[in-house]
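**Student:** What follows is a structure written as structure tokens; I'll ask about it next.
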Amino acid sequence: IPLRLVGSEMCIRDSNLPDERLSLFSCGHIVPRDHVLGAVVPVGPKGHTLEFTHEAWQRPCLLDELGNVLSNYSNIVPHGMVVFFPSYASLDLTVAQWRKTGMLDRLSKRKQVFMEPKDAKDVDTILRQYASTVSTPPPTSPKGAMLLAVVGAKLSEGINFQDELARCVVMVGLPFPHSQSPELAERLAFARSTQPPDTHSSTDPGRDLYVNMCMRAVNQSMGRAIRHSADYAVFLMLDQRYGRDSILMRLPGWIRTQVQVHERFGSSIKAVAQFFQQKKKTK
């Protein structure tokens, strides 16, 4: 009897069972297709390539461009924006640069900025403040709030940002696990060792596992939004690597089918503006 898996293709890729014993069944999302917009954004407004590798977080010019990107989107996204960073270290480096250049103040004039706390006891307080600002924005923040969060941390798991709390979810870079971790090295080596020696395949089981670990974290973070059939949101993927087929195919189907890869930053702005204009008319 074939084993039937419910979910994405990543379920199959991490299995050691032969293909003839597997079949895939994937359900669609409860929301209509026009309630979701996905956008891969490979370049910023000043033409800088967006690729947030581990080394790139040390480049002030790229962090400045990220600030410009979020500033532009915050002008057209209503209510709440949740921005996910790959790690606390990348978030800290970015905020330090923004404080130095004044970008954090400029962002705060468009949306009140909140940051995920490192202490778990402060999470509820930050969430209450964020939700309050989104629902009743003060005069100095007419377009709601922006929450800077971390993939795999407290706000990416088990918390629902439905309706106005997350009209836009932003993924900054790809949260690949640290490649120098001894534990990760052992996991990848084990994955490679389980491939039958007579298998004539060009795929690398270790590499597949490495990419799947990253994309599970991405999909879990993006899944914090769209919590019921009437909900809607934009999903922005800020990194040129999201445009690769190997990455796109690992997105959940309900987002993947609605993704546009924008070669120019301006076209993504236009698409996002049209999406929210249409939702405003419908409402």
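The values are calculated or read from the model by the stated rules, or taken from the named source; none is laboratory data. Because the structure is predicted, anything quoted here is derived from the model rather than measured. Here the Cβ positions follow ideal geometry from the backbone for every residue, glycine too, while neighbour counts run over all protein chains shown. Ligands, DNA and RNA are stripped out before the accessible areas are found, and what is left, the full protein with its side chains, is counted by its heavy atoms. Shrake-Rupley method; radii C 1.70, N 1.55, O 1.52, S 1.80 Å.
**Student:** Any idea which of 204, 239, 231, 208 is surrounded by fewer than 17 Cβ atoms within 10 Å (Cβ to Cβ) and among the acidic types (Asp, Glu)?
**Tutor:** Just one listed residue meets the conditions, 204.
**Student:** With the condition kept exactly as written, say whether any residue in region 45-54 is outside any loop (DSSP other than H, G, I, E, B) and open to solvent by 10 Å² or more (accessible area, probe 1.4 Å).
**Tutor:** yes
**Student:** Now, a different point. Could we say that residue 123 is β-branched (Val, Ile, Thr) and modelled with pLDDT under 95 here?
**Tutor:** So residue 123 fits the description; yes.
A quick yes/no check of all residues on (1) hydroxyl-bearing (Ser, Thr, Tyr); (2) closer than 19 Å to residue 240 by Cβ; (3) open to solvent by 40 Å² or more (accessible area, probe 1.4 Å); (4) assigned to a helix (DSSP H, G or I):
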{"site": "63", "(1), (2), (3), (4)": "no, yes, no, yes"}
{"site": "69", "(1), (2), (3), (4)": "no, yes, no, yes"}
{"site": "73", "(1), (2), (3), (4)": "yes, yes, no, yes"}
{"site": "83", "(1), (2), (3), (4)": "no, yes, no, no"}
{"site": "89", "(1), (2), (3), (4)": "no, no, yes, yes"}
{"site": "96", "(1), (2), (3), (4)": "no, no, yes, yes"}
{"site": "99", "(1), (2), (3), (4)": "no, no, yes, yes"}
{"site": "143", "(1), (2), (3), (4)": "no, no, yes, no"}
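**Student:** Is it the case that residue 109 is in a helix (DSSP H, G or I) and open to solvent by 50 Å² or more (accessible area, probe 1.4 Å)?
**Tutor:** yes
**Student:** So, in region 145-189, how many residues would count as being open to solvent by 30 Å² or more (accessible area, probe 1.4 Å) and outside any loop (DSSP other than H, G, I, E, B)?
**Tutor:** 10
**Student:** Within region 244-275, work out how many residues are open to solvent by less than 20 Å² (accessible area, probe 1.4 Å), among the hydrophobic types (A, V, I, L, M, F, W, C) and not in a helix (DSSP H, G or I).
**Tutor:** Final tally of qualifying residues: 1.
**Student:** Here's something else I'd like to know. What's the total number of residues in region 212-228 that are part of a helix (DSSP H, G or I), open to solvent by less than 10 Å² (accessible area, probe 1.4 Å) and in contact with a helix residue (DSSP H, G or I) (Cβ under 7 Å, 6 or more places away or on another chain)?
**Tutor:** So the answer is 4.
**Student:** Looking only at residues that are in a loop (DSSP other than H, G, I, E, B) and at pLDDT 95 or above in region 22-44, which one is surrounded by the most Cβ atoms within 10 Å (Cβ to Cβ)?
**Tutor:** Step by step, filter region 22-44, then rank; the result is 41.
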